[in-house]
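Visitor: Before anything else, here's the structure in question.
Each value in this text was obtained by applying a stated rule to the coordinates, not by laboratory testing. Quick caveat, the model's predicted, so the values are computed rather than measured. So basically every Cβ, Gly included, is an ideal-geometry build from the backbone, and we count neighbours across all protein chains shown.
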Amino acid sequence: MRAAIAIAFVAALASASCTTPRHAETAAEAVVPSTGASLPAPNRCADDAGWDDPAIPRHVYGNTWYVGSCGISALLVVSPQGSVLIDGTTAASAPAVERSIEALGVPLHDVRYILGSHEHSDHAGGIAQLQRDTGATVLARAPAASVLRRGSNDRSDPQFAELAPVPPVAQVETIDDGQTIRVGDAIALTAHATPGHAPGGTSWTWTECEGTRCLHMAYVDSLTAISDDAWRFNEHPDYVATFRHTLDVVAALPCDVLITPHPGASALWQRLPPDATLPLVDAGACKAYSENGRAGLDARLEKERAGQVP
């Protein structure tokens, strides 16, 4: 059953990039310091949550906040100079993402950039509305940018025949592998080309600090090797080689805190309150995520060779 969207617990926005917003980890309520209002603590999200199951925004680390749904990630990185939104969830969840941003005390017009992981509707479907309502500039690598501009994928995507349209997005600018996106002197996010799951796959790294402890944050794109019935990875050796390079890139990323477009892929709900049973920090998480992706790609190739893929 889908729960009603609740307005999130929040904390004061940091006054600098290494200041720490408070968050209520186990309390039933949290108080917004700027207003004194009492707001509910985070809801519990199931590991197999639906794409549009609502989630209350919650603090991840430093100035990074989770503002997505229970089943699809979206992150807000905040600063006094402006904020950056990473991923747009589905079109249906875009209004909930906006409510979550505002619940954190961030006006929508404060969002300067919208970034993405890849150009599929479950992660990019909400970007058109989010761009319109924030006025932000959308940044994407060339393969993803072309999809966002025209609103449809093409046969270069392994999942093309099964993909829903993406609402066309205005103000999309192309970025390059290794490019760093800055907002003032507080936010610096670096793009890493990680195609494979989708041609425009992009991962993002940045640093967050709480007091004197600074951590490498990594928002890493999906690494699953899946396709529609017309695509066979064995028939596209160049694509497979690129995918394997992506797995090498991911394994080498600076990565203390891993977050993925599908939160269950990185056990996020087991690492955040109110149900944390695993540590948030795991310096080996990106390597393990890469190894799991490599095993999945190898298994897919073997199934194709054995005629076990429909």
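Visitor: With only Lys, Arg, Asp and Glu charged, each at its Cβ (+1 for the first two, -1 for the last two), find how big the charge dipole of the chain is about the Cα centre; round to the nearest 20 debye.
Guide: Working: 21 positive and 35 negative charges, 61 e Å.
That gives the chain a dipole magnitude of about 300 debye.
Visitor: Just subtract the alpha-carbon distance of GLU162 and ALA46 from 0.36 nm times their residue separation and send over the number in nm, one decimal.
Guide: Fully extending the segment from GLU162 to ALA46 adds 39.2 nm.
Visitor: Shifting gears a bit: Over segment 138-180, what portion of Cα pair distances is larger than 17 Å, expressed as a whole percent? Can you show the working numbers first?
Guide: Values: 297 of 903 pairs.
That fraction is 33 percent.
Visitor: Just to be sure I follow: if Rg is taken over the C-alpha atoms of segment 184-310 and Rh is the Kirkwood radius over the same atoms, what is Rg/Rh?
Guide: Numbers: Rg = 16.4 Å, Rh = 15.8 Å.
On the Cα set of segment 184-310, Rg over Rh gives 1.04.
Visitor: Compute the separation of the alpha-carbon centres of segment 249-310 and segment 143-168 and state it in Å as a whole number.
Guide: Spelled out, the Cα-based centre of one part sits 24 Å from the other.
Visitor: Please give the peptides 74-85, 94-105, 145-156 ranked by average Cβ packing (other Cβ atoms within 10 Å per residue), highest first, as a rough proxy for protection. Before the final figure, lay out each step's value.
Guide: Working: 74-85: 23.3, 94-105: 20.8, 145-156: 17.9.
Those peptides, ordered most packed to least, come out 74-85, 94-105, 145-156.
Visitor: Given a Förster radius of 30 Å and the C-beta distance between ASP248 and ALA283 as r, what FRET efficiency does 1/(1 + (r/R0)^6) yield to the nearest 0.05?
Guide: Numbers: r = 18 Å, r/R0 = 0.59.
It comes to 0.95.
Visitor: In addition: Go ahead and set up a Gaussian network model of the chain, Cα springs under 10 Å, then flag whichever of GLY88, GLY125, GLY284 fluctuates most.
Guide: The residue with the greatest mean-square fluctuation here is GLY284.
Visitor: Still on this structure, I have one more. Using alpha-carbon pairs under 8 Å, 6+ residues apart, how would you state the relative contact order of segment 153-224 in percent? All intermediate terms of the calculation are to be shown ahead of the outcome.
Guide: Details: 93 pairs, mean separation 14.3, N = 72.
The value is 20 percent.
Visitor: Still on this structure: Nearest 10 degrees is fine. How inclined is helix 94-103 to the longest principal axis of the chain, computing both from alpha carbons?
Guide: 30
Visitor: Sticking with this one: If packing is taken as the average number of other Cβ atoms within 10 Å across a peptide's residues, how do 219-227, 191-199 rank, most packed first? Walk me through the numbers before you get to the answer.
Guide: Working: 219-227: 21.6, 191-199: 23.4.
Peptide ranking by packing, descending: 191-199, 219-227.
Visitor: What's the ranking of 259-268, 293-302 by average number of surrounding C-beta atoms within 10 Å, highest first? Before the final figure, lay out the partial values.
Guide: Numbers: 259-268: 21.2, 293-302: 16.7.
Packing order, densest peptide first, comes out as 259-268, 293-302.
Visitor: Against the longest alpha carbon principal axis of the chain, how many degrees, from 0 to 90 and to the nearest 10, is the axis of helix 285-305 turned?
Guide: 30
Visitor: In addition: Given an 8 Å cut-off on Cα distances and at least 6 residues of separation, report the relative contact order of the chain as a percent. Let's see the in-between values first.
Guide: On the way: 757 pairs, mean separation 44.9, N = 310.
Rounded, it is 14 percent for the chain.
Visitor: Would you work out the relative contact order for segment 197-261, in percent, from Cα pairs under 8 angstrom that are 6 or more residues apart? Could you put the intermediate results ahead of the total?
Guide: Working: 73 pairs, mean separation 27.4, N = 65.
It comes to 42 percent, rounded to a whole number.
Visitor: With only alpha-carbon atoms in the gyration tensor, what are the semi-axes of the equivalent ellipsoid for the chain, in Å, largest first?
Guide: 31, 20, 19
Visitor: Something else about it: May I ask you to compute the full-extension gain from CYS214 to ALA295, defined as 0.36 nm times their residue separation minus their alpha-carbon distance, rounded to one decimal in nm? If you can, show how the numbers build up before the last one.
Guide: Working: separation 81, 0.36 × 81 = 29.16 nm, distance 3.16 nm.
Here the answer is 26.0 nm.
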